[in-house]
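Written below as structure tokens is the structure these notes are about.
The values are calculated or read from the model by the stated rules, or taken from the named source; none is laboratory data. Because the structure is predicted, anything quoted here is derived from the model rather than measured. Counting neighbours? That spans all protein chains shown, and the Cβs are built from the backbone with ideal geometry, glycine included.
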Amino acid sequence: MLCTNKAISKSFFGKSGGAEHFIVVEADADLDFADQIADLERRYAATRRSLGVAPGSAVFRRLFVSDAMNQAPLLRLSGLATDEDGSPVALSLIQQPPLSQAKLALLAYHIDDPAGLAKTWLTPRHVLIKKNDLAHLWTTGLCAGAHEGLIPVARQTREAFDTLIAVVEGLGGTLRDNCVRTWIYVKDVDVFYNDVVASRRDLFSEQGLSSATHFIASTGIEGACAHRYDIVAMDAYSVLGLAPAQISYLNDFDYLCATADYNVTFERGTRIAYADRAHLLISGTASIDNKGRVVHLGDVLRQLDRALENVAALLAAGGAGMTALMYLIVYLRDPADYWRVRAALAERLPEVPAVFVQGRVCRPDWLVEVEGVAITGQDAPALPAF
């Protein structure tokens, strides 16, 4: 079997603007939960040391957990909730059980800048990172916070977006112009996803987002926050200060249709260009063809192949290849497929860190979905620095 108890990282070093590091860590599944936290912290710290990552460089951490309601309190008291120097980190905590059989896995993002990062808590769910002339807003854990009963799913979706909109507008931006990525987690996605889609469609129309303008790169997937009655939770990434010329949207119509063709509202991918690099934010991507049909029904490995082909097409549309991928999140409907999918991905993309979690995709026929971020270098001095 493949070793699962290993931290894997990948870094991008730009000509200006500092280095970016992505780290994946899985805890030792043989330990109890408190010891898994300590084990993960040790592995993560060792990886940071090996990379020479400075304290204060952590921007975003997503913790994939097996039982959010019971595990969240201890995690929020752990060293994972803040940076080494006590500065803010955008902490996403989502119930998507790691498929390594551990109770806990981590995806972390660091920006190592010689000038340091200016990081501020706007609220417990919003961390603002100021760097050069841009402000990067990381939003995590938006949900209704329902404790006493079920709130309609459409209202939960609306409340999550309304909270994000209020913060972005308070910074002088808009959802349409500044939010570049969302992750929407839906408890029992087979039942409730259509309600989320309908609510988002209405809200986007009100906000001026349409197929004639653009949507937002997104993943909509099975997942849960730590509140018993919440069906919907959301994370988001917004950038304040971007020029319109910095943003473009990715598709290859030989491989993938526009999402509006089947009445959903998200971008397949978004490219953000800076002076020395471009970020390519790849939405949740599955085994789908250019007619919007599920391909390779019942065959998880062939579905993985097609999903990766689609990712490659999206990256190529943005001038990048698969080697530019900094990490992948792999969502599997059936945990029994884990070892075969992990082995197949290791053969295809051995240098790309990947975290594997249980997460049902928005169509029951899709057995696997992948998402990630790629970074490619460029020389465009007229654009703002990252």
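Please state which of the following conditions VAL232 fails to meet, knowing it meets all the rest: (1) in contact with a helix residue (DSSP H, G or I) (Cβ under 7 Å, 6 or more places away or on another chain); (2) farther than 29 Å from GLU159 by Cβ; (3) buried (at least 23 other Cβ atoms within 10 Å of the Cβ); (4) of a type outside the set (Phe, Trp, Tyr).
(2)
Select from the stretch 34-53 the residues that are surrounded by fewer than 20 Cβ atoms within 10 Å (Cβ to Cβ) and not in a helix (DSSP H, G or I) and list them in ascending order.
GLY52
Are any residues in the stretch 151-194 assigned to a helix (DSSP H, G or I) and of a type in the set (Gly, Ala, Ser), and if so, which ones?
First, the residues of the stretch 151-194 that are assigned to a helix (DSSP H, G or I): 153-170, 175-178, 189-194.
Across the stretch 151-194, the qualifying residues are ALA154, ALA160, ALA166, GLY170.
Mind checking which strands (runs of 3 or more DSSP E) fall wholly inside the stretch 215-322 and carry at least 3 residues that are not polar (S, T, N, Q) and not assigned by TED's automatic domain parsing to the domain that holds ARG342?
Details: elements: 217-222, 232-240, 247-250, 269-273, 277-285.
Result: 217-222, 232-240.
Give the residues of the stretch 19-33 that are charged (D, E, K, R) and either closer than 15 Å to LEU106 by Cβ or assigned to a loop (DSSP other than H, G, I, E, B) (or both), sorted by residue number. Working first, answer last.
So the first thing to find is which residues in the stretch 19-33 are charged (D, E, K, R), and the list is 20, 26, 28, 30, 32.
GLU26, ASP28, ASP30, ASP32, listed by residue number.
Yes or no: ALA344 among the hydrophobic types (A, V, I, L, M, F, W, C), out of contact with any strand residue (DSSP E or B) (no Cβ under 9 Å at 6 or more places or on another chain) and surrounded by fewer than 21 Cβ atoms within 10 Å (Cβ to Cβ)? Even if it seems obvious, please write down each step before you answer.
Values: among the hydrophobic types (A, V, I, L, M, F, W, C): yes; out of contact with any strand residue (DSSP E or B) (no Cβ under 9 Å at 6 or more places or on another chain): yes; surrounded by fewer than 21 Cβ atoms within 10 Å (Cβ to Cβ): yes.
In short, yes.
Under 25 Å from PHE204 (Cα atoms) and not assigned by TED's automatic domain parsing to the domain that holds ILE375 - does that describe any residue in the stretch 93-111?
Start the filter on the stretch 93-111 by keeping residues that are under 25 Å from PHE204 (Cα atoms), which leaves 94.
Pick out the ones that are also not assigned by TED's automatic domain parsing to the domain that holds ILE375 and you get 94.
Yes, that holds for at least one residue.
Just the residues that are free of Cβ contacts under 8 Å to residues at least 60 places away in the same chain and either buried (at least 21 other Cβ atoms within 10 Å of the Cβ) or in the same structural domain as ASP261 (by TED's automatic domain parsing) (or both), please, taken from the stretch 187-208.
Once the filter is applied, which keeps residues that are free of Cβ contacts under 8 Å to residues at least 60 places away in the same chain and either buried (at least 21 other Cβ atoms within 10 Å of the Cβ) or in the same structural domain as ASP261 (by TED's automatic domain parsing) (or both), the stretch 187-208 yields VAL196, SER199.
Read through the list (1) surrounded by fewer than 22 Cβ atoms within 10 Å (Cβ to Cβ); (2) of a type outside the set (Ser, Thr, Tyr); (3) out of contact with any Ser or Thr (no Cβ under 9 Å at 6 or more places or on another chain), then give the number of the only condition that GLY319 fails.
Condition (3) is where GLY319 drops out.
Considering every residue within the stretch 79-101, establish whether at least one is among the hydrophobic types (A, V, I, L, M, F, W, C), surrounded by 18 or more Cβ atoms within 10 Å (Cβ to Cβ), touching an Asp or Glu at 6+ places or on another chain (Cβ under 6 Å) and touching a residue at least 60 places away in the same chain (Cβ under 8 Å).
Of all residues in the stretch 79-101, those among the hydrophobic types (A, V, I, L, M, F, W, C) come to 80-81, 89-91, 93-94, 99.
Filter once more, so that each one left must be surrounded by 18 or more Cβ atoms within 10 Å (Cβ to Cβ): 80, 89-91, 93-94, 99.
Remaining after also requiring touching an Asp or Glu at 6+ places or on another chain (Cβ under 6 Å): 89.
After this cut, where a residue has to be touching a residue at least 60 places away in the same chain (Cβ under 8 Å) as well, the list is none.
No.
Only residues that are over 22 Å from GLN207 (Cα atoms) and either in the same structural domain as GLY284 (by TED's automatic domain parsing) or surrounded by fewer than 19 Cβ atoms within 10 Å (Cβ to Cβ) (or both): list them for the stretch 126-180, please.
Matches in the stretch 126-180: LYS130, ASN132, ASP133, LEU134, GLY145, ALA146, HIS147, GLU148, GLY149, LEU150, ILE151.
Out of the stretch 242-286, which residues are within 25 Å of PHE22 (Cβ to Cβ) and of a type in the set (Gly, Ala, Ser)?
SER248, GLY269, ALA273, ALA275, ALA278, SER283, GLY284, ALA286
Can we say ILE94 is part of a strand (DSSP E or B) and over 20 Å from VAL180 (Cα atoms)?
yes
Can you give me the number of residues within the stretch 99-147 that are assigned to a strand (DSSP E or B) and either within 16 Å of PHE22 (Cβ to Cβ) or of a type in the set (A, V, I, L, M, F, W, C) (or both)? Walk me through it before giving the result.
Applying the first criterion (assigned to a strand (DSSP E or B)) to the stretch 99-147 yields 104-112, 118-123, 126-131, 134-143.
After this cut, where a residue has to be either within 16 Å of PHE22 (Cβ to Cβ) or of a type in the set (A, V, I, L, M, F, W, C) (or both) as well, the list is 104-112, 118, 121-122, 127-129, 134-138, 142-143.
Going through the stretch 99-147 one residue at a time, the tally reaches 22.
Looking at the stretch 295-307 only, could you name the residues that are aliphatic (A, V, I, L, M), within 23 Å of the chain's Cα centre (by Cα) and under 23 Å from ASN263 (Cα atoms)? Outline the logic, then answer.
Filtering the stretch 295-307 down to residues aliphatic (A, V, I, L, M) leaves 295, 297, 300-301, 304, 307.
Add one more test, that the residue is within 23 Å of the chain's Cα centre (by Cα), and what stays is 300-301, 304, 307.
Correct list: ALA307 only.
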